[in-house]
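S.K.: Sending over a structure as structure tokens; questions will come in a sec.
The values are calculated or read from the model by the stated rules, or taken from the named source; none is laboratory data. Since we're looking at a predicted model, the values are computed, not measured. As a convention, Cβ positions derive from the backbone with ideal geometry for all residues, glycine included, and neighbour counts pool all protein chains shown.
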Amino acid sequence: MKIRGDTMCDTNIRPSTDNPFYLDKKADENELSMGLIKSAKRTGHLSLCNRGLGTVPPNVWKIDELVMDDTKEVDFSRSEQNSWWSCEPLKMLDLSSNVIKDISPNIKMLQELVTLKLHDNAIMALPSEISELKSLSNLSLDRNKLTELPIEFYKLTELRWLSISHNKLKKVAPDIGDLVMLTFLDLSYNKLENLPPGMGYLVRLIELNLSNNELGELPPDIVNLRDLKKFNISNNNLTMLPPLGELRKMEVLDANHNNIEELPDFYGCTALKEIYLANNYIKKITEEFCDQMQHLNVLNIRDNKLEELPENVALLQKLKRLDLTNNSLNKLPRNLGLLSQLQSISMEGNKLSFVRQDVIRGGTDRMMKYLRDRMTEEVVCETRYAADWPDKYTMKKSQSLMLPSRDLSSVPDDVFRTASDAEVHIIDISKNKLTAVPTGICHVRETLSQLLLSSNSIESVPPEISCCTNLQYLDLGKNLITDLPMQLGDLKKLRELVISNNKLTKIPRCVYELESLEILLAAENQVTEINVSSDALANLKNLAVLDLTNNSIISVPPELGNFTHLRSLELMGNCFRQPRHAILAKGTATILSYLRDRIPT
């Protein structure tokens, strides 16, 4: 559409070029160039992102009606690409990252629009006509100045993805329940004090973010969101959570920074993997919680009021990260050392007077070793004079078969069958007089994750141990072992192997097949070389700790310096001359750097 210049002259209403609003609006209109229009007509996509627009060029709303070819001549040699009959209606419009304040009611003209991006602007209100975009599926309104949504907004029943974070919304109408196709909803960083009961109708929601609002409670029907996988309600004023068992597909719950005083009932949340409850007022982790959450991977409950942990915390066998920082714990349950998959445990800022600060600050490996050693010592004290084998109830409660320091030369198969019925995760037969590994251990192959056989007189390890495929910690230290069977390489989940204080002249070949191995302790042997080839140590991509102290190593290959994933390398007490003692004393980083500098170029 063109406006003739003489029309302006005839009516004497020529706009003043001194009017800044007119100039800005004219500049905004010029941003919609002929090239952009042609591209939009061809592809159905129009992006005016980050153009400094204060207004939306009027032709944006009319783009489906614009006729590009105004020539009267017919040129049959021209491509059909720009012809009117091959035009695509506008389906994606990106007006984000501008300073737009108003959206014209003419938005209703874009009837085929599927995706609309209006985030990062200064929009204060939406026109009611937005409800006429019957095909709209994705809408982003983040970082604007919206204080409310027009009631007509909730007629956008085809919306699948809606984000309105970082606005000033004080309420949401119950009609939000009409947006039944939504799978993603982000209402974070607003000023919502409560939620309407209609939220429970959004049964297709997979992700819901309500963080950083002023919510004091959740509506009861929130548990109807049975497809919900990620639920974020952090940074609100919640004092309690309702029973969440109906949310059977929920995988992540983030309720950090609230005023929650008790753990909710999680019975039924069989898919829940991560729970974040930091900065609340929770005083107790219950035994019921440990029973319900045996599949949990992450528990962050730092900065609460915890005074103790339940003894059955060992049931959380799949826990990989546990953060208990800044609570009021003054003791730890003995069975905490049974959490064999823990990769990170934090306990700083508690009242654990019986645990040395250097242990607390020494990291996960140091803390877990302390807990395991303490657990063994306590069990020894309890069982030193016991004549009978542990019964099923005792093993079930502790999830372990503990038989250290009993002068045992053998263990009956029946004991292991009972241990299998009790589904034990740890077997400790260390500090006895065994000359062979009890074959009955294979009865517990389904659940066994830790096996301690140190301080015996074992000369060889049977290949059958490889059937314990869930084994993650194996301690064979302080025995008479000269080699290990190749079948042990099948233990693909093994993370820590202790073979210190044996009669090994080399690292057993099977060790290089343990792809998950993180810690290898092989001190106090007669190992003569360090094999760094691609089918040896270089194959252990996860190896973080390597201890070869007090062996017979003649030389250290410079290529070991490329193993930058090592955080602890111990080489003291060997025969080699380089690196010298002064280098070794400076720690792992210095040793690796020294070796790298000597790699032949």
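S.K.: Output the strands (runs of 3 or more DSSP E) that fall wholly within the range 134-253 and possess 3 or more residues being not charged (D, E, K, R), or say none.
M.R.: The strands (runs of 3 or more DSSP E) meeting that bar are 138-140, 161-163.
S.K.: Please determine, by comparing only the residues of the range 447-487 that are closer than 26 Å to Gln399 by Cα and hydroxyl-bearing (Ser, Thr, Tyr), which one is surrounded by the fewest Cβ atoms within 10 Å (Cβ to Cβ).
M.R.: Across the range 447-487, the extreme among qualifying residues is Thr469.
S.K.: A follow-up question, please. Does Ile441 satisfy the condition of being modelled with pLDDT of 90 or more, in a helix (DSSP H, G or I) and in contact with a strand residue (DSSP E or B) (Cβ under 7 Å, 6 or more places away or on another chain)?
M.R.: Yes, satisfied.
S.K.: Next up: State all residues of the range 457-470 that are out of contact with any helix residue (DSSP H, G or I) (no Cβ under 8 Å at 6 or more places or on another chain) and closer than 21 Å to Ala419 by Cα; if no residue qualifies, say none.
M.R.: Result: Asn470, single match.
S.K.: Shifting gears a bit: Any chance the range 217-226 includes a residue that's acidic (Asp, Glu), outside the structural domain of Ser131 (by TED's automatic domain parsing) and within 23 Å of Leu139 (Cα to Cα)?
M.R.: Looking for residues that are acidic (Asp, Glu), outside the structural domain of Ser131 (by TED's automatic domain parsing) and within 23 Å of Leu139 (Cα to Cα), one finds none in the range 217-226, hence no.
S.K.: Now a separate question. Checking the structure you have, find out if any residue of the range 288-296 is farther than 18 Å from Gln317 by Cβ and more than 14 Å from the chain's Cα centre (by Cα).
M.R.: Within the range 288-296, not a single residue is farther than 18 Å from Gln317 by Cβ and more than 14 Å from the chain's Cα centre (by Cα).
S.K.: Identify all residues within the range 450-482 that are farther than 15 Å from Leu514 by Cβ, out of contact with any strand residue (DSSP E or B) (no Cβ under 7 Å at 6 or more places or on another chain) and either of a type in the set (Val, Ile, Thr) or part of a loop (DSSP other than H, G, I, E, B) (or both); write none if there are none.
M.R.: Within the range 450-482, Ser455, Asn456, Ser457, Ile458, Glu459, Ser460, Pro462, Lys478, Asn479, Leu480, Ile481, Thr482 meet the criteria.
S.K.: Can you tell me which residue within the range 348-365, out of those that are touching an Asp or Glu at 6+ places or on another chain (Cβ under 9 Å) and surrounded by 15 or more Cβ atoms within 10 Å (Cβ to Cβ), is nearest to Leu332 (Cα to Cα)?
M.R.: Per the stated criteria, the residue is Ile360.
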